[in-house]
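Read the structure below first, then the notes.
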């Protein structure tokens, strides 16, 4: 009998958890293009920095140390 009384609360809890998972997925799908743009821009920044450092060997040597 205790299982039967716990079933409604279990179903409510599972629906709440699936709703929160859906909310998290919606937020992630909204954040994904922003994160993609940020990672691309940081990648381009790293490429331009390494290119600039390869032109100045003393700076790159001191940074590698």
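The values are calculated or read from the model by the stated rules, or taken from the named source; none is laboratory data. On a predicted model such as this, the values are computed, not experimentally measured, just so you know. Methodologically, a virtual Cβ is constructed for each residue, glycine included, from the backbone with ideal geometry; neighbour enumeration extends over all protein chains shown.
Here are the numbers:
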quantity: Out of 15, 41, 60, sole residue that is surrounded by 10 or more Cβ atoms within 10 Å (Cβ to Cβ), modelled with pLDDT under 75 and on the phi < 0 side of the Ramachandran plot; calculated: 60
quantity: Residue within the range 44-52 that is surrounded by fewer than 10 Cβ atoms within 10 Å (Cβ to Cβ) and modelled with pLDDT under 85 present; calculated: yes
